[in-house]
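For reference, the structure is listed below as structure tokens.
The values are calculated or read from the model by the stated rules, or taken from the named source; none is laboratory data. What you see is a predicted model; the values in this text were computed from it and never measured. Positions of Cβ are generated from backbone atoms using ideal geometry, with glycine treated the same way; all protein chains shown enter the neighbour counts. Protein only, heavy atoms only, side chains kept; ligands, DNA and RNA dropped before computing areas. Shrake-Rupley method; radii C 1.70, N 1.55, O 1.52, S 1.80 Å.
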Amino acid sequence: MLGKLIKYDLKYGYKIILIVHAVLMVACIMGRFVLNKVDFRAPSEALGAMLAIFIALFALLIAGVSFATCAVIAVRFYRNLFTDEGYLTWTLPATPLEHLWSKIISGVIWYTFDILLCYLGLLILVTGDNVVSLYTQIAPEMTEALGMSFSSFTLYIVLFSLFSTLASVIMIYASITIGQLFPGHRILGAIISYFALSFIIQIFTLVCMLLFNLFPYVGDTMTGSTASHYLFSSLGLGVLLITITAIPEYFITHYIMKKKINLI
Amino acid sequence: MKPILECQGLTKKYGNFFALSNLNLTLERGQIIGLLGPNGSGKTTLIKLANGLLTPTDGHIIINSMSPGVETKKIISYLPERSYLNTHMRVEDILTYYVDFYENFNLSRATAMLKDLEIDTHARLRSLSKGTKEKVQLVLVMSRDADLYILDEPIGGVDPAARDYILQTILTNYTENATVLISTHLISDIENVLDSVVFLQYGQLVLNATVDEIRSQRGKSVDALFREVFRC
């Protein structure tokens, strides 16, 4: 039953997800082509401005693609379980636990797909000959600043992102499910719940950073291992906290799905 | 034989409002039962409880000796009062969906009925009229070999000719031991197919009698009795 549910969850919205990621890939390939044509040896103000716009555009594109993925996951969960479609979904011979895990697994699959493709796109974008030769010139400084090679640094970031997919998906579902407890304002309830949960996690992160003395000293220049230590401690703490908060979120979601469903 | 549905002290509260209050009811197999009552009398709440879409505040609802769950969902075929299908899907995709999820779904019966009603299985649901969508939903529900069919307002949105076909469909597709529970306001239209009726008001049982009893003992049609009991 779980397999069948996952199949239909993945079937929903796959076209949107594939199209936006295809657009991203094409944009990255074109971007790589453009970067290869730029002459970095002749720095000028115009080149700086152009690069700034270029970077901003790609940052926006990647954020947009990730947002679209996130939206597909959230809309599928909401529509399939809490709108009129819920009348069919909840009367299928499946348990609330199977419904929840089907949504979690399909959500994690889409999130992982999104993260891998976004990083792949970036990799395509910045591994042209031109950029690589330019980077070689500053590589020792970057390694010094990060306390490790740039590729290892990127790998850690990708691993952090992948590790947090499960918790991120559960947080979206928990917000939507808690939103169902406010009849008449279900979507608003879901959005407020999401911000409330994010706020709680941020406060926790802040408190923990203070407790574990993870803040860099003001005025101190951060170099080498200090910078990466700070970055990884705060990132790691963020991932750890979102994972820890996902545990009660998971149980709350399951409880509401089991006992408090009330389709309008 | 065990009753198909039993309610024992069944209560459902929304805040301070009792949608159902201490309802005791037993439905036997092999009947077509009308679930009748004015708006807000608790019909849909009872139907949702039977389908496991709500949890009772108090009391029990038992389907074929089981509490609502996976096993009862396998034997109940439910038609909600609203459009519950993803309208982006094609009719043929929905048929596959039913085949995938319900072991007792009879694909050839469904295909034959859709053909009778001249519904194109390649069409997307959103391209169909409201009435045609309702017909598709009813075909899906009646094509399952279920023990209990629960139909919430099945004929509200379709024309009288289709209404006759639908009632005929209900009559011909349920087996001897199956029970059909129909909630509707259009009593006169379905009166002839009903074996018995359940009247609900303010979440409580007002009457549970066979149509023959109503006619012979009270000398009235169900429609006339309904108008008398629920006079505003």
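Restricting to the range B:27-47, name every residue that is open to solvent by less than 20 Å² (accessible area, probe 1.4 Å) and either facing chain A (nearest Cβ under 10 Å) or not in a loop (DSSP other than H, G, I, E, B) (or both).
Those that are open to solvent by less than 20 Å² (accessible area, probe 1.4 Å) and either facing chain A (nearest Cβ under 10 Å) or not in a loop (DSSP other than H, G, I, E, B) (or both): B:27, B:32, B:33, B:34, B:35, B:36, B:43, B:45, B:46, B:47.
So if I check each of B:184, B:179, which one is surrounded by 18 or more Cβ atoms within 10 Å (Cβ to Cβ), touching a residue at least 12 places away in the same chain (Cβ under 8 Å) and out of contact with any strand residue (DSSP E or B) (no Cβ under 6 Å at 6 or more places or on another chain)?
B:184
Only one of (1) facing chain A (nearest Cβ under 8 Å); (2) buried (at least 20 other Cβ atoms within 10 Å of the Cβ); (3) outside any loop (DSSP other than H, G, I, E, B) is not met by residue B:61, so which one is it?
Going through (1) facing chain A (nearest Cβ under 8 Å); (2) buried (at least 20 other Cβ atoms within 10 Å of the Cβ); (3) outside any loop (DSSP other than H, G, I, E, B) one by one, residue B:61 breaks only (1).
Scanning the range A:239-259 for residues that are surrounded by 14 or more Cβ atoms within 10 Å (Cβ to Cβ) and of a type in the set (D, E, K, R), which turns out nearest to the other protein chains (Cβ to nearest Cβ)?
Among those that are surrounded by 14 or more Cβ atoms within 10 Å (Cβ to Cβ) and of a type in the set (D, E, K, R), it is A:258.
From A:97, A:47, A:92, grab the single residue that is more than 14 Å from chain B (Cβ to nearest Cβ) and aliphatic (A, V, I, L, M).
Of A:97, A:47, A:92, the one residue that is more than 14 Å from chain B (Cβ to nearest Cβ) and aliphatic (A, V, I, L, M) is A:47.
Name the residue, out of B:202, B:174, B:149, that is at pLDDT 85 or above and either under 13 Å from the mean Cα position of the chain (by Cα) or of a type in the set (Gly, Ala, Ser) (or both).
Only one candidate passes the filter, namely B:149.
Here are the criteria: (1) among the polar types (S, T, N, Q); (2) crowded, with 17+ Cβ neighbours inside 10 Å; (3) in contact (Cβ under 8 Å) with a residue 40 or more places away in the chain. Tell me which single one residue A:91 does not satisfy.
Going through (1) among the polar types (S, T, N, Q); (2) crowded, with 17+ Cβ neighbours inside 10 Å; (3) in contact (Cβ under 8 Å) with a residue 40 or more places away in the chain one by one, residue A:91 breaks only (3).
Does residue B:10 qualify as being buried (at least 18 other Cβ atoms within 10 Å of the Cβ), in contact with a Cys (Cβ under 8 Å, 6 or more places away or on another chain) and either more than 14 Å from chain A (Cβ to nearest Cβ) or of a type in the set (Gly, Ala, Ser) (or both)?
No: the conditions fail for residue B:10.
Do you know which residues across the range B:61-93 are more than 20 Å from the chain's Cα centre (by Cα) and in contact (Cβ under 8 Å) with a residue 12 or more places away in the chain?
Selection gives B:86, B:87, B:88, B:89, B:90, B:91, B:92.
For the range A:143-164, what are the residues that are without any contact (Cβ under 8 Å) to a residue 12 or more places away in the chain and open to solvent by less than 60 Å² (accessible area, probe 1.4 Å)?
If the condition is that a residue be without any contact (Cβ under 8 Å) to a residue 12 or more places away in the chain and open to solvent by less than 60 Å² (accessible area, probe 1.4 Å), then A:143, A:149, A:152 are the ones that fit.
Tally time: how many residues in the range B:94-120 are within 9 Å of another protein chain (Cβ to nearest Cβ), among the hydroxyl-bearing types (Ser, Thr, Tyr) and free of Cβ contacts under 8 Å to residues at least 12 places away in the same chain?
1
Given the options B:108, B:83, B:67, name the one that is more than 30 Å from residue B:207 (Cβ to Cβ), open to solvent by 30 Å² or more (accessible area, probe 1.4 Å), at pLDDT 90 or above and among the hydroxyl-bearing types (Ser, Thr, Tyr).
The match here is B:108.
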